[in-house]
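> Structure incoming, see below.
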Amino acid sequence: MSRFSIVVALASLASLAACAVGPDYKAPEGPAASTYTEKPQPERTESAPVQGGDEQRFDLGAKISADWWTVFGSPELDALVRAAISGQPTLAAAQAALRQAEENVNAQYAVLYPSVDASLSAKRQRISGASFGNPSAPSTTFNLYNASVNVSYAIDVAGGARRELEALRAGVDFQRLQVEATYLSLTANVATTAFREASLREQIRATREISEAQDSQLRLAEQQFKLGAISGSDLLGQRAQAAQTRATLPPLEKALAQTRNQLAVLIGKLPADAKLPELDFSNFRLPKDLPLSVPSELLKQRPDVQQAEAIMRQTNARIGVAEALMFPQLTLSGSYGSLATRTGNLLDPGTQIWNIGANLLQPIFHAGQLRAQKRGAEAAYEQAFAQYRQTVLTAFQDVADVLDALEHDARTLKAQAEAEAASRESLEVTRQQLKFGAASYVALFNAQRQYSLAKAALVQAQAARYADTAALFQALGGGWWNREPAGSAQAKRTD
């Protein structure tokens, strides 16, 4: 072959190796929605004259702080969240998975370069004349030593290795986003669990106050019964009412203990060692200004949506990997070394050995296996695209649900505050009327029951306002893009 032919062949090979078969990834277009909810969202919520009843205003396009939980103004909550970030095993596991994905990319880079290995071997060998067609020749036993350097280079002709590298990079992005998703879920769970503890503690406090008032009323009823001022049925009714109220305490105390156990695990501590603070609504401040991202930015902010797109990039690259298997595979190899019967002679003239070669493999017939693999990779991409669309729909639903909850739960709290105030006033009036014989014990029982139900509903409505606010930050992505990414640094190329 002439020098010109060799140059043309090498140029053609380099040009082919610079390309990668398979489709190049194109990001899908986002939805053209301009709002989250079916009806226009009000600029502000209702307010109520109780703890957690502040009016909240939506600030469209405002920056979301990465430390969003600090808007509740609670040092106790801030300490709990930071303890969870530093000590929760789930977050540590996600960070380790990210490092593993980065090292897989580093390992894949090596496929694009020649591999060089040094080898040293020694063996004792016996040969007979039969090996050379002369069985009568005497057998010979000798030692054989070999020292060599071997070079092998699998040229990425069709770009399959580069497509695999592209897929692994998408896997790194997925794991990095998994760290952020775990971070967001963990911080949101700590906040909502803290709010649930405050709610349960307030319910227990209110129930005990009601129980103490009923016990006082029961002692008065027992005195009146001894004097013949009330019937036995009225006394039994008051006892039953007081007992029913006391019976609601153990389930609430059980729920409180389990909530604190959950909070301990969330911060990475054993329940017995957590030393958690006692939280109530006085520990928190309901933020008045709430950031609201424009819909066009939501897909960039949600880790789950970004993860779904990373899977699309990965499956798209794997189509190229499958298609590259149909193209020729070229491997260059060579070695240089020395072969001698004594170690001292390995460097002597005449002991040098070398070889150079090339291997070209072109698949011809595999009974449809390679095309089936490509069709399977294309189907995997279609599945990833459908899952991406579903994730986008879920993301918009989450925000819409939270916005509706913020609006309706604010109105609910206002109504519950009015109901609690009315039932409390009714109970006080009924008690005063009972003293003068203007009301019956049946009326008192009804008033006590209504007040107990109204008080419990009010506390639950207060907790809902705090939980809704935390859910909004979570639905909008939690501001992770406004801080340094969690986990290890970007994967770097290594030789």
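> When only residues in the range 335-378 that are part of a helix (DSSP H, G or I) and loosely packed, with under 12 Cβ neighbours inside 10 Å count, which is modelled with the highest pLDDT?
Q369
> Please list, ordered by first then second residue, the pairs with beta carbon atoms under 6 Å, 6 or more apart or interchain, first in the range 357-370 and within 18 Å of L332 (Cα to Cα), second hydroxyl-bearing (S, T, Y).
G357/S333; N359/T331
> Could you figure out which of (1) open to solvent by 80 Å² or more (accessible area, probe 1.4 Å); (2) among the β-branched types (V, I, T); (3) within 18 Å of A471 (Cα to Cα) isn't true of V81?
With respect to (1) open to solvent by 80 Å² or more (accessible area, probe 1.4 Å); (2) among the β-branched types (V, I, T); (3) within 18 Å of A471 (Cα to Cα), V81 is out only on (1).
> In addition: Would you tally the residues in the range 315-334 being out of contact with any Gly (no Cβ under 6 Å at 6 or more places or on another chain) and open to solvent by less than 60 Å² (accessible area, probe 1.4 Å)?
So the answer is 9.
> Report, ordered by the first and then the second residue, all pairs with beta carbons closer than 8 Å, sequence separation of six or more or different chains, a first member in the range 417-434 that is on the phi < 0 side of the Ramachandran plot, and a second member that is among the polar types (S, T, N, Q) and surrounded by 14 or more Cβ atoms within 10 Å (Cβ to Cβ).
As it stands, the answer is S423/Q450; S426/Q450; L427/Q448; L427/Q450; R431/Q217; L434/S440, since those pairs meet every condition given.
> Can you report the number of residues in the range 379-388 which are in contact (Cβ under 8 Å) with a residue 40 or more places away in the chain, more than 30 Å from I155 (Cα to Cα) and open to solvent by 40 Å² or more (accessible area, probe 1.4 Å)?
3
> Considering Q224, Q217, Q178, Q238, which residue is in a helix (DSSP H, G or I) and modelled with pLDDT of 90 or more?
Q178
> Within the range 389-445, track down each residue that is more than 24 Å from A457 (Cα to Cα), open to solvent by 40 Å² or more (accessible area, probe 1.4 Å) and modelled with pLDDT under 95.
Q432, Q433, K435, F436, G437, A438, S440
> Now for a different question. Do we have any residue at all in the range 274-284 that's without any contact (Cβ under 8 Å) to a residue 60 or more places away in the chain, over 27 Å from L165 (Cβ atoms) and open to solvent by less than 50 Å² (accessible area, probe 1.4 Å)?
yes
The values are calculated or read from the model by the stated rules, or taken from the named source; none is laboratory data. If you're wondering where the values come from, they're calculated on a predicted model, not measured in any experiment. Note that we place each Cβ from the backbone using ideal geometry, even for glycine, and neighbour counts take in every protein chain shown. Just the protein is used for accessible areas: all its heavy atoms, side chains included, with ligands, DNA and RNA removed. Shrake-Rupley method; radii C 1.70, N 1.55, O 1.52, S 1.80 Å.
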